[in-house]
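*Asks:* Got a structure for you, questions after.
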Amino acid sequence: MTSSLTPAQIGEIELRVRREADALAREFAGIFSPETVNRFVNEAFSSFRERPRLLEYVPIFVHRFARDRLRALAIVEGRVAKDVPEILFVCVHNAGRSQMAAAFAAQMGGDGVHVLSAGSAPAEEISAATVQAMKEVGIDISREFPKPLSDEVVRAADAVVTMGCGDACPIYPGKRYLDWDLDDPAGQPIEAVRRIRDDIRARVRSLLEELGVEVRDV
């Protein structure tokens, strides 16, 4: 683990990750074995532990990422019922476009939809311009984080929206795929990021309506 943290601090992080694993094992008791939960937690930990800027937040990220994957797998295997449409937004770095789309979908759809985002090559953090642009419309994504794409969340989704990630997303028969041709906000001035944001908002609204989700104004 590469960081400026002391061995004691790293040990504390690892202890907190183990506590998150125990919490998830309790949550998914009767659905998945503790061994399965621990495997997903360990894989999540491996995904985030080499990102120095995120180390202090790793336990939270591990919990959320592992939980999303476990929930998706439970849906795919028929262990839990799917009660709302599942949407997955994918871009290369999961640091701009897909984060904005997921945030808009969650805000507009509320409890009527379940939303995830991921990246084919996730960045270390969400771009500052993306956070600023979303804050301007009243949505705080500063606590979100780029996540790697996983097979389970693709298989569980009703609609998979890709944004410039090419063929990195696996294709499954019978699933709805959309490719949105959007500029990458990375390195763009805030005015350009705002235009991309507003384009995404309109597209998300149309998608939710097509899926039969009651849309709230955002």
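*Asks:* Which one of Val161, Val154 is under 22 Å from Phe65 (Cα atoms), among the β-branched types (Val, Ile, Thr), in contact with a strand residue (DSSP E or B) (Cβ under 8 Å, 6 or more places away or on another chain) and not in a strand (DSSP E or B)?
*Replies:* Val154
*Asks:* Return yes when Glu50 is of a type outside the set (A, V, I, L, M), touching a residue at least 12 places away in the same chain (Cβ under 8 Å), surrounded by fewer than 22 Cβ atoms within 10 Å (Cβ to Cβ) and not in a helix (DSSP H, G or I) and no when it is not. Explain how you work it out, then say what you get.
*Replies:* On the way: of a type outside the set (A, V, I, L, M): yes; touching a residue at least 12 places away in the same chain (Cβ under 8 Å): yes; surrounded by fewer than 22 Cβ atoms within 10 Å (Cβ to Cβ): yes; not in a helix (DSSP H, G or I): yes.
Yes, satisfied.
*Asks:* Which one is farthest from Gly164 (Cα to Cα) among residues in segment 75-118 that are among the charged types (D, E, K, R) and modelled with pLDDT of 95 or more?
*Replies:* Looking at the filtered set, the residue picked out is Arg79.
*Asks:* Take segment 103-128 and flag every residue that is among the small types (Gly, Ala, Ser), touching a residue at least 40 places away in the same chain (Cβ under 8 Å) and surrounded by 22 or more Cβ atoms within 10 Å (Cβ to Cβ).
*Replies:* Passing the criteria: Ala103, Ala105, Gly109, Gly119.
*Asks:* Taking into account only those residues within segment 15-40 that are of a type in the set (D, E, K, R) and touching a residue at least 24 places away in the same chain (Cβ under 8 Å), which is surrounded by the fewest Cβ atoms within 10 Å (Cβ to Cβ)?
*Replies:* By that ranking, first place goes to Arg19.
*Asks:* Separate question: Among the numbered criteria (1) touching a helix residue (DSSP H, G or I) at 6+ places or on another chain (Cβ under 7 Å); (2) in a helix (DSSP H, G or I), which single criterion is violated by Asp22?
*Replies:* (1)
The values are calculated or read from the model by the stated rules, or taken from the named source; none is laboratory data. Everything quoted here is computed from the prediction, not taken from an experiment. As a convention, Cβ positions derive from the backbone with ideal geometry for all residues, glycine included, and neighbour counts pool all protein chains shown.
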